[in-house]
Every structure is written in structure tokens, then in C-alpha cells.
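Undergrad: First the structure, which I've put down as C-alpha cells, then a few questions once you've had a look.
Every number in this text was worked out from the coordinates using simple rules, so none of it is lab data. Just so it is clear, the structure is predicted and the values come from calculations on it, not from any experiment. Note that we place each Cβ from the backbone using ideal geometry, even for glycine, and neighbour counts take in every protein chain shown.
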Amino acid sequence: MGDMIELPRVKELKASIERLRQSVAEAICTKEYLVHVKGRAIEMNYCLAFYDQEIAILEARCRALVLARERERLLAGHTPAGKIAEAQMDEVLARWEGELARKKSLLAEARAWKPRPAAKDEELCALMISLIKALHPDLNSASGDETLMEKAMAAFRAGDEKALRHMAVEICREEKALPSTGLLEEEKRLNHLLHGYTKKVAAIRERPPFAGAFDAEGRDSRRNELIKERRRAEKAWDKEEAAYMALLCGKGREKE
């Protein structure tokens, strides 16, 4: 049997459900926007602002470690202790080189990246919300389409307004009327759903890259810190190179 609800209450519930559907769709869109658009923009801007220094620091450290490893080999030879020290250095070096390659790749990506205008984001979000309402399984348990939803999400991430408009015309042409039964359960379900997505959005804002985003003053401070760190790393590299060369010269004299 359906809910025994008087007509004014039915209208009130339907209006509440429509508001909740809109709010849930907006929360889902916000989550997608933060992770794949805004978060990516913060990451790309961070790369452009700091990765030249971070890469130089890693390069200096890698070069110093290579020299330290060679010096250890000359000093300890093939003794068990020497082999252990060399293996430990190789492990650290592999980790640093992997991070160096990752940062170089991200910097190249950031230099080719182009931010999209805020005005376009507003249009894309409006289109995305309408598609979420029509396609998302959380809002359409019986008629949701995960494949089409993923296609829409991909277009949204790429900023493909044309594709989103085409999907919106094809899919959102007709609004389905709400049934008159199960309204209380649906309102409760949507409230729970909205609470869950709101928590997810809040959690995203509290973790990187949002938690580590810098204002103009913070960017200047961070860059100055990296410049100092780069100088320290390059001095350590020079020191290690001098020690290595001195050891080589000493070994050469021993042979004479």
C-alpha cells in the first residue's frame, strides 16, 4: 500500500524532494569540480610556482648521493658493510630519481596546461547538475545510467561544453513526475544522501591540494624557503664532490 498522506502534504513532500534532488546534484557536482577541476588547477599552479626549485634540489641531492656511493665503494670496497651501505644508498637514490621523474613530468604537464575561465565553469556546472539529476544512480535508482554518467563526468572534466549540451538536450528533455507513494522514505533517503555528500565535500576541502594551497604571501615565503634549501643541497653536492676528488687523488698517489 502507498503512504496515507493528505494532498497538501503530498505537494509539500514533492517540493521537498525536488529541493533535495537539486541539493544532492549540486553536492555531487561540487565534489567532481573540486577533485578534477579546482584541485587540478591548484596542483598545476603549485607545479609552475615551485617545481623548478624542487627539481633542482632533487637533482643536487641525487648527484651528491651518487658521489657518496662511489666514495663509499672506494673506502669500503666489497666488504659486507660496504655492500650494505651501497644497497641502502641505491634504495634512497632510486626513490629520489623516481620522485624527480614524476616532478619533471608534472612540470611539463603544467606548462602545457591552460586554465578555463570561471564563467565557463558556471555554465559547465549548470549543465552537469542537470545531467546528474537525470542520470546519476543515487538520484535515479531505477533509471540511472552509470555509463552515460561517466561519459558526462569525462566531458565536464575536459571542459567540453558542446558534449555536455548535446547530452543535456538528448537526456534531460522530459522531467519525470514524482510518484505519490513512498515520498516519506524518499525524502529521508535524499536527506541521508545529501549529508553524506556534504561530508565528502568538506573532507576534500580539508586535504591536499586545498589544505596546502598558498596565498600570494605564502607563495613568496615557500619559494624563498626552496631557494635556501636548493643552496644547501648544492653546497652539499660541492662538498661531496670535493671529498670524492680528494679520495681519488689520494688513491692515485697510493698507486704511485
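Undergrad: In percent, what relative contact order does the chain have, based on Cα pairs under 8 Å that are 6 or more apart in sequence? Spell out each step's value before the answer.
TA: Working: 203 pairs, mean separation 98.5, N = 256.
Relative contact order here is 38 percent.
Undergrad: Counting only helical runs of four or more DSSP H residues, what would the 222 nm mean residue ellipticity of the chain come to if each run contributes -39,500 (n - 2.57) and the total is spread over all its residues?
TA: On the way: 8 runs with 204 residues, N = 256.
Result for the chain: -28500 deg cm²/dmol, rounded to the nearest 500.
Undergrad: Ok, one more. Under 1.5 on a/c is rounded, so check that first for region 56-96, then, if it is not, pick prolate when a/b is larger than b/c and oblate when it is not; a ≥ b ≥ c are the square roots of the alpha carbon gyration tensor eigenvalues.
TA: Values: a/c = 4.88, a/b = 1.90, b/c = 2.56.
Note, shape of region 56-96 comes out oblate.
Undergrad: Could you tally the net charge around Pro209, taking each other residue with its Cβ under 12 Å from the Cβ of Pro209, Lys/Arg +1 and Asp/Glu -1?
TA: Working: positive: Lys38, Arg40, Arg205, Arg207; negative: Glu43, Glu206.
Charge balance near Pro209 sits at +2.
Undergrad: Now, a different point. Distance check, please: which entries in Lys31/Lys114; Lys31/Lys188; Lys11/Lys120; Lys114/Lys239; Lys38/Lys104 exceed 31 angstrom between their Cα atoms?
TA: Numbers: Lys31/Lys114 21 Å; Lys31/Lys188 22 Å; Lys11/Lys120 36 Å; Lys114/Lys239 41 Å; Lys38/Lys104 22 Å.
Flagged as over cut-off: Lys11/Lys120; Lys114/Lys239.
Undergrad: Moving on. Which order do Ser16, Ser221 fall in if you start with the one that has the fewest other Cβ atoms within 10 Å?
TA: Numbers: Ser16 15, Ser221 12.
Ranked by crowding around the Cβ, least crowded first: Ser221, Ser16.
Undergrad: Separate question: Where does the longest stretch of the chain lie that holds no trypsin sites (Lys or Arg not before Pro) found in a DSSP loop with 13 or fewer other Cβ atoms within 10 Å?
TA: 1-172
Undergrad: Among His166, His136, His192, rank each residue by its count of other Cβ atoms within 10 Å, from fewest to most, as a rough exposure measure.
TA: Values: His166 13, His136 21, His192 9.
So the ranking, lowest neighbour count to highest, is His192, His166, His136.
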